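Accompanying notes for the structure given below.
The values are calculated or read from the model by the stated rules, or taken from the named source; none is laboratory data. Here the structure is a predicted model, which is why all the values come from computation and not from measurement. Cβ sites come from the backbone with ideal geometry, for glycine too, and all protein chains shown count toward neighbours.
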Amino acid sequence: MSFLGTRQSQPVPSVGGEFGEQLRTERLAKGYSLADLAQQLAVTKGYLSRLELGKAKPAPEMIDRIAKALNIDSSPLQVLAGYLPTDVKQILYRHPVEAPELLRESFGEYEVSRESTEQRRKNQQPVVRTAELGHTAIRRKDLYEIVHGDCFDWMDHRDPGSVHAVVTDPPYGLKEYTPEEKQKLRRGRGGVWRIPPTLDGYTRSPLPRFTVLTAEDKAELKDFFARWATKVFRVLVPGGHVFIATNPLVSHLVYVALEEAGFEKRGEIIRLVQTLRGGDRPKNAHKEFENVTVMPRSCWEPWGLFRKPCEGRVQDNLRKWKTGGLRRVSDEQPFGDVIKSYPTRRIERDLAPHPSLKPQAFMRQIVRAALPLGEGIVLDPFMGGGSTIAAACAVGYRSIGIESDPEYYQVAVQAIPQLAALIVNGEEVPPKAGIRSARDNH
């Protein structure tokens with residue numbers, strides 16, 4: 001939207017790459033190919049391709065048709081194409097002095113140029129619209145810090161009481177993220193990672209088998225989280241919450257460790273998501289026991305919710321530390337403990353190829369709730385592909401992510417700004433018919 005800071009009164013004469021990129025992002029988010037959308041609009045695939053490449057400029061009527069086909073608001077596309085929406089024109093006409101000054105103050109005064117889209121990105125801070133939260137957030141690297149290192153060491157050197165919330169998806173069984181097991185995963189050889197067979201022609205993603213954990217593995221797991229929880233307790237401010245993704249088979253070990261470290265258990269957030277975990281017949285005996293399921297099909301994912309005790313009353317803690325409660329969805333609606341979700345969309349998986357990436361539509365809801373007054377720092381000690389940090393960036397929160405694996409760290413470096421820029425309208429869109437995915441198996 002760089003032209004908003006100029007003094008031109010006419011529409012931008014040509015369309016740059018930003019309109020095309022936004023159109024492509026919206027199309028892919030809906031799962032449409034160029035041919036699918038072209039058929040709906042009764043135009044050629046080549047015409048849509050030129051729009052996405054910035055080689056053609058659509059008429060306002062065509063933008064309205066595209067927005068209707070994709071079920072999105074047409075205003076952002078109209079703006080990126082160089083057309084001011086009618087209501088914006090009226091505001092500028094009625095307030096010729098105040099309105100331009102307010103825009104310059106809010107977004108900076110940028111000159112329209114024929115620079116490449118990549119160069120414009122370096123020169124300005126793009127706007128991220130998060131429609132489900134009813135506001136816009138600036139995609140800025142000064143909102144987040146990411147660290148390649150060990151979270152235990154990092155927390156040892158962090159000042160006490162300097163983090164306001166933790167939102168994380170840790171290695172549930174530890175064993176699945178050892179160098180040996182990660183190497184097996186990347187080679188597709190399994191190990192603790194189960195490589196599911198192809199289902200109806202569709203490749204399913206690997207998932208860790210927690211049923212193979214021995215008593216020794218479980219003891220190590222509990223010891224790991226006991227040490228981790230102690231360090232988290234130290235860096236959190238009083239009243240700070242911990243949202244921790246887990247699994248029904250091992251959650252009790254994680255929860256006990258957090259309570260023994262001094263945290264109060266405040267409940268669980270239930271992410272309703274049906275994956276392809278469980279529901280299988282006995283291995284190598286499908287025909288013999290065709291009416292038997294070894295484990296129930298997974299339809300939910302638990303997130304433990306814990307809080308460091310407040311100093312005095314919640315209201316006192318909120319005034320002093322800005323923590324102690326959860327941010328409401330709205331004046332009328334409190335944050336709830338059951339959230340309907342879907343497996344992570346393919347576009348997000350492509351941006352951040354990590355085996356346990358969580359969807360932005362879900363992550364933005366819990367990250368937003370973690371800071372009751374919208375102030376403070378969110379920490380993800382097991383950053384992975386960067387979904388927590390991207391969600392924090394999208395809602396305008398400061399955050400810190402830590403990742404020990406060099407490959408996943410590099411994935412996060414590239415993925416965070418792109419994930420944060422995705423527009424998710426309310427609930428996630430379920431996978432299109434015919435796409436059967438077990439990519440999000442946690």
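If only residues of the range 85-111 that are in a loop (DSSP other than H, G, I, E, B) and over 30 Å from Arg50 (Cβ atoms) are counted, the one that is modelled with the lowest pLDDT is Glu109. Applying the condition of being in a loop (DSSP other than H, G, I, E, B) and more than 30 Å from the chain's Cα centre (by Cα) to the range 53-84 and asking which residue is surrounded by the fewest Cβ atoms within 10 Å (Cβ to Cβ) yields Ala59.
In the range 373-392, what residues are crowded, with 23+ Cβ neighbours inside 10 Å and not aliphatic (A, V, I, L, M)? Answer for the range 373-392, where residues must be crowded, with 23+ Cβ neighbours inside 10 Å and not aliphatic (A, V, I, L, M): Asp380, Pro381, Gly384, Gly385, Gly386, Ser387, Thr388. Arg7 passes every criterion in (1) exposed (fewer than 14 other Cβ atoms within 10 Å of the Cβ); (2) at pLDDT 90 or above apart from (2).
Looking only at residues of the range 314-347 that are surrounded by 13 or more Cβ atoms within 10 Å (Cβ to Cβ) and of a type in the set (Val, Ile, Thr), we find that the one that is farthest from Val167 (Cα to Cα) is Ile347.
Quick check on the range 229-247. Is at least one of its residues farther than 24 Å from Lys358 by Cβ, modelled with pLDDT of 90 or more and β-branched (Val, Ile, Thr)? The answer is yes, given that some residue of the range 229-247 is farther than 24 Å from Lys358 by Cβ, modelled with pLDDT of 90 or more and β-branched (Val, Ile, Thr). I want to confirm something. Restricting to the range 248-275 and keeping residues that are surrounded by fewer than 22 Cβ atoms within 10 Å (Cβ to Cβ) and in a loop (DSSP other than H, G, I, E, B), which single residue is modelled with the lowest pLDDT? It comes out as Gln274. Scanning the range 34-89 for residues that are under 15 Å from Glu21 (Cα atoms) and of a type in the set (Lys, Arg) gives Arg50, Lys55, Lys57. Of the residues making up the range 286-342, those that are assigned to a loop (DSSP other than H, G, I, E, B) and of a type in the set (D, E, K, R) number 13. Here the range 59-80 is the region considered, the condition is being hydrophobic (A, V, I, L, M, F, W, C) and touching an Asp or Glu at 6+ places or on another chain (Cβ under 9 Å), and the residue that is farthest from Tyr32 (Cα to Cα) is Leu80. Restricting the range 279-298 to residues that are under 33 Å from the mean Cα position of the chain (by Cα) and surrounded by 14 or more Cβ atoms within 10 Å (Cβ to Cβ), the residue that is farthest from Ala369 (Cα to Cα) is Asp280. Please verify whether Thr323 is of a type in the set (Ser, Thr, Tyr) and modelled with pLDDT of 95 or more, treating the condition exactly as stated. Judged against the criteria, Thr323 is a match. Residues considered: Ala369, Ala361. Of these, the only one that is out of contact with any helix residue (DSSP H, G or I) (no Cβ under 9 Å at 6 or more places or on another chain), in the same structural domain as Pro302 (by TED's automatic domain parsing), of a type in the set (A, V, I, L, M, F, W, C) and outside any loop (DSSP other than H, G, I, E, B) is Ala369.
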